[in-house]
Amino acid sequence: MKIGVYGGTFDPIHNGHIEIARAVKAELGLDSCVFVVAADPPHKDFSGRTPAELRLEMTRLALENEDGMRASDIEIKRGGVSYTVDTLERIKQLEPDAELYFILGADMLSSFKKWYMPEKILAIATLAAVQRSGQKADLHALADAIMNELGGTVIVTNVVGMELSSTTVRSRMNDALPITGLMPYETELFIHRNMLYMPKELVSLGKRLGERLDEARLEHSLLTAREAVMLANRHGLDAEKARLCGLVHDCAKLRGAALESYMKELGFNPTADERKNPYTIHARLGALAAQKEYGIDDPEILRAIRLHTLGSPDMTPFDEVIFLADKLEPTRDYRKIAKIRVLAYEDMDAAVAAVIRNNIAYNRSRNMPVHPSTFETLEAIETRSETGNELLNAYSNTDTEE
């Protein structure tokens, strides 16, 4: 067996890491590749790092569909400072007949002689160096110098790593920029579900929401915030504001006694129409809660919260972002939703109209009433849509949920 050992913080793992492992595995004919998630590497600052258990789970999710690749918790279980030589010794104990190849980047090869017990590392494993685009160091000269001084084998692979870093992913999350496509899908959703790399004030707000909302509703809110970021960036709107609005849009989505208590607590008096259609209460109540309990006074955000359930004839692009994000986030699953998601990134008016028409079809198919304002909103949105009724018809007449 030829086993590649790829160590790193993986905070978070991204497609660049996976592409390197695939390429090295193919070039060297490795049977498998083990991603060793670091607990406390000696060459990096530990402060502010994502907890090891979360980094391990992100890595595990990212490798689920990768043949011959897996995440290892060997360093996390050992605890303390993570030295490469200790990790390789342990893997050699577990796989005594295997040939080990330690994968490292060009920058690490430059400092390898300063590592803890480098001679012993070379006695256990072959070093497999990955090149970096635009690198200045002569890796072949470095490899020769290491072998001449310390022995062992150092291979400079033909693999050139992608220009993508974990720092970039963290920065994009913090700045409300999409990270879709930078890592496997399930890892991306895990990042959003766990509020990783988001500004501290939003994480705090998310935790407060979790004290009132059930787990499924909080997950929906976090993924609505994700979808809102993507839509806002696509249509040139304020993505940070959209993320905040998406996060709090369902802050009053309660039921029964809890809803009655919350309305009383906030001094909210539902209208007769809201009493008749109780699923609409949380929209207007949510805008009040966002203002009174969560200190949000931005009128655009409060309006979008009020309109996110039923919409309105005069919806703004920002209103539509929140309306669509709520209906299209990843946990939503109904017929033709994938097509409507595509439509939302092309023409939001058309997508809103498609969602409303689907809701009408869904309710009618189950003999459920349709809210009176729905038809007025649909007519107004369809009239102003640049896409036209022909395209809208292609996305209508399908089941969905209110």
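The figures follow:
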item	result
Only listed residue being surrounded by 23 or more Cβ atoms within 10 Å (Cβ to Cβ) and either in contact (Cβ under 8 Å) with a residue 40 or more places away in the chain or out of contact with any helix residue (DSSP H, G or I) (no Cβ under 9 Å at 6 or more places or on another chain) (or both), chosen from L247, L285, L237	L247
All helices (runs of 4 or more DSSP H) inside segment 1-118 with 1 or more residues being assigned by TED's automatic domain parsing to the domain that holds V156, within 19 Å of the chain's Cα centre (by Cα) and in contact (Cβ under 8 Å) with a residue 12 or more places away in the chain	15-28, 52-62
Any chance R357 is modelled with pLDDT of 75 or more and in a loop (DSSP other than H, G, I, E, B)	no
Test: S396 is in a loop (DSSP other than H, G, I, E, B), at pLDDT below 90 and among the small types (G, A, S)	yes
Any hit, segment 331-349, residues being over 26 Å from H192 (Cα atoms) and either crowded, with 22+ Cβ neighbours inside 10 Å or in contact with a helix residue (DSSP H, G or I) (Cβ under 8 Å, 6 or more places away or on another chain) (or both)	yes
Residue check, L100 of a type in the set (A, V, I, L, M, F, W, C) and exposed (fewer than 14 other Cβ atoms within 10 Å of the Cβ)	no
Residue satisfying all of: in segment 119-140; of a type in the set (V, I, T) and outside any helix (DSSP H, G or I); farthest from K25 (Cα to Cα) among these	T126
Within segment 146-204, considering residues that are part of a helix (DSSP H, G or I) and among the polar types (S, T, N, Q), the one nearest to K113 (Cα to Cα)	N148
Of all residues making up segment 123-154, the number that are under 16 Å from S110 (Cβ atoms) and touching a residue at least 40 places away in the same chain (Cβ under 8 Å)	3
N174 vs. criteria of a type outside the set (A, V, I, L, M, F, W, C) and not assigned by TED's automatic domain parsing to the domain that holds L223	no
Pairs with Cβ under 7 Å, 6+ apart, first in segment 183-200 and closer than 12 Å to P330 by Cα, second among the basic types (K, R) and crowded, with 22+ Cβ neighbours inside 10 Å	H192/R226
Qualifying residue in segment 40-54 (condition: of a type in the set (F, W, Y), surrounded by fewer than 17 Cβ atoms within 10 Å (Cβ to Cβ) and either at positive phi or modelled with pLDDT under 95 (or both))	yes
Within segment 266-283, considering residues that are among the hydroxyl-bearing types (S, T, Y) and assigned to a helix (DSSP H, G or I), the one farthest from P372 (Cα to Cα)	Y279
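Listed here are the residues, each with its yes/no results for (1) touching a residue at least 40 places away in the same chain (Cβ under 8 Å); (2) assigned to a loop (DSSP other than H, G, I, E, B).
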{"position": "D297", "(1), (2)": "no, yes"}
{"position": "D314", "(1), (2)": "yes, yes"}
{"position": "I322", "(1), (2)": "yes, no"}
{"position": "D326", "(1), (2)": "yes, no"}
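The values are calculated or read from the model by the stated rules, or taken from the named source; none is laboratory data. A quick note: this is a predicted structure, and the numbers were derived from the prediction, not measured. Glycine also receives a Cβ, built like all others from the backbone with ideal geometry; neighbour counts cover every protein chain displayed.
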